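First comes the structure, then the notes that go with it.
The values are calculated or read from the model by the stated rules, or taken from the named source; none is laboratory data. Predicted, not measured: the structure shown is a model, and the values here were computed from it. FYI the Cβ positions are ideal-geometry reconstructions off the backbone, even for glycines, and counts take in every protein chain you see.
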Amino acid sequence: MLALTSATGKLGSAVLNALLDNNLIDAKELVVCTSSEPTASKFAALRSKNITVRYNNFDEPASLEAAYAGCDNLFLVSSPRISMDFDDAPLWEGREAHHLAAIDAARKVGVKHIYYTSLAFGNPSKASVMRAHIRTEAYLKGLEDVQWTIIREGLYNESWPLYLGYYYGLKNETRTEVVVAGDGPISWTSILDLAFGTARILTDPPEQWAGRTFYLSQNKTSNLKDIAQIVSKEKGEEVALKIVARKEYEDFYVNELGMERPAVEWWSSTYDALQDGECDIKDPTLEDILKKAGRELIPVEETIAKMLQ
C-alpha cells in the first residue's frame, strides 16, 4: 500500500489525481493521510472509491504511526508550516522536525520506501527555503533500514506571483513596478507535469529509484524579467522589474506593504540563490517521463495567461 501525505495540498492532490486518472494504481492500495477529520464530507468521493483516509498530524507522532501502518511506501510531502523555519531555526527546530517525525514513524511501522519531495534549488543553497529540505535529505541518506528517493520538485509555474515581488496580485494587482532582490534563470514546471512525473515514479518498481536524488523539472528557463514581460503582455500594461539590495527589499515589503519581517527575511535569501543560478536545472528525468507518455510540457506562459484571465 502507498500512503500519501498532504493529499489535499497543491502537489499532493495533483499527484493523487494523476494516480487515479491514469489508472496507475488500484484505489484500494492508496491511503490518503490528512490533518483534517477523515470522516469529513470532503473525503466522501475518495471513500466511495475504496480509498482509505487516515488522520495524520506532524505534531502527533502516534497519529503518524497509525496513518502509515500496513503501508509499504510513503510519499512524504514537505511540511507547509514555513514559520517553523523563520529566524534561522536551529537543526531539528525547523520544518525538518516534522519530516523527522514522519520518517521515524514510517520506519517504526515497517514502511520499506520513503519518497520525499524536496525543492529544485542547489545543495548547498543560499535559499532559506531549502534549509529544512537539505537537513531532511541528509537524514534520509544516513538511514540503512529503509529505502529512500529524494525528488527535487521544480519551482511551480503556478508560483510565479510568489517570486515576482513576493505575492504579486492577479486581477486586482495595481503595481506597475515590482521590487525584487535579485534575478536569475528558473526552470519553471507546472504542477500537472510534476504530478504526472511523480505518480509514475511512485508506481514504478521501487528499486528503479531507490537511493537516488534527482530533479523533476523542465530544462527551459525564464527569469523574473521574462515573467514581468509576459505579465505585461497579458495585462496590456507595462509591469517593470526593480532589482534592489536585500535590505532595501526587506524594508520595502515590511514598511511599505505591511508584511511580517521574519517571513520577508526568510524569503529574501531566495533571490541570492536565483542570482547564483541554483534554479537553472538541467536534468532530463521529467522530460523523459513525459515523452514516453506522449505528453508535452506545459509552458509557464500558458500558466500565466490562465491565471490572469
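Key figures
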| item | result |
| --- | --- |
| Condition met for GLU137 (acidic (Asp, Glu), in contact with a helix residue (DSSP H, G or I) (Cβ under 8 Å, 6 or more places away or on another chain) and surrounded by fewer than 23 Cβ atoms within 10 Å (Cβ to Cβ)) | no |
| Every residue from the range 270-299 that is farther than 16 Å from ALA195 by Cβ and either of a type in the set (Ser, Thr, Tyr) or buried (at least 19 other Cβ atoms within 10 Å of the Cβ) (or both) | THR270, TYR271, ALA273, LEU274, GLU278, CYS279, ILE281 |
| Pairs, first farther than 21 Å from SER268 by Cβ in the range 63-87, second among the polar types (S, T, N, Q) and not in a loop (DSSP other than H, G, I, E, B), C-beta under 8 Å, six or more apart | PHE75/THR117; PHE75/THR198; LEU76/THR117; VAL77/THR117 |
| Pick from the range 143-183, criterion in a strand (DSSP E or B) and among the charged types (D, E, K, R), ranking: surrounded by the fewest Cβ atoms within 10 Å (Cβ to Cβ) | GLU177 |
| Of all residues making up the range 255-269, the number that are surrounded by 15 or more Cβ atoms within 10 Å (Cβ to Cβ) and either aliphatic (A, V, I, L, M) or under 14 Å from TYR167 (Cα atoms) (or both) | 5 |
| Top-ranked residue of the range 176-212 - restricted to ones that are closer than 26 Å to LEU162 by Cα and of a type in the set (S, T, N, Q), ranked as modelled with the lowest pLDDT | THR176 |
| Some residue of the range 203-220 being in contact (Cβ under 8 Å) with a residue 60 or more places away in the chain, assigned to a helix (DSSP H, G or I), surrounded by 17 or more Cβ atoms within 10 Å (Cβ to Cβ) and among the small types (Gly, Ala, Ser) | no |
| The one condition in (1) under 30 Å from GLN309 (Cβ atoms); (2) at pLDDT 95 or above; (3) out of contact with any Ser or Thr (no Cβ under 9 Å at 6 or more places or on another chain) that LEU155 fails to fulfil | (3) |
| Among residues of the range 300-309, those that are among the polar types (S, T, N, Q) and either in a helix (DSSP H, G or I) or surrounded by 13 or more Cβ atoms within 10 Å (Cβ to Cβ) (or both), counted | 1 |
| Residue list for the range 69-119, filter: crowded, with 21+ Cβ neighbours inside 10 Å and either in contact with a Cys (Cβ under 6 Å, 6 or more places away or on another chain) or acidic (Asp, Glu) (or both) | ASP85, GLU96, VAL111 |
| Residue tally, condition under 19 Å from ILE114 (Cβ atoms) and surrounded by fewer than 22 Cβ atoms within 10 Å (Cβ to Cβ), over the range 1-11 | 4 |
| ILE289 being in contact with a Gly (Cβ under 7 Å, 6 or more places away or on another chain), closer than 30 Å to LYS112 by Cβ and of a type in the set (A, V, I, L, M, F, W, C) | yes |
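Rundown of residues vs (1) over 23 Å from the mean Cα position of the chain (by Cα); (2) under 24 Å from ILE134 (Cβ atoms), yes/no style:
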{"residue": "LYS10", "(1), (2)": "no, yes"}
{"residue": "LYS28", "(1), (2)": "yes, no"}
{"residue": "VAL32", "(1), (2)": "no, no"}
{"residue": "GLU37", "(1), (2)": "yes, no"}
{"residue": "PHE43", "(1), (2)": "no, no"}
{"residue": "VAL53", "(1), (2)": "no, no"}
{"residue": "SER83", "(1), (2)": "no, yes"}
{"residue": "ALA101", "(1), (2)": "no, yes"}
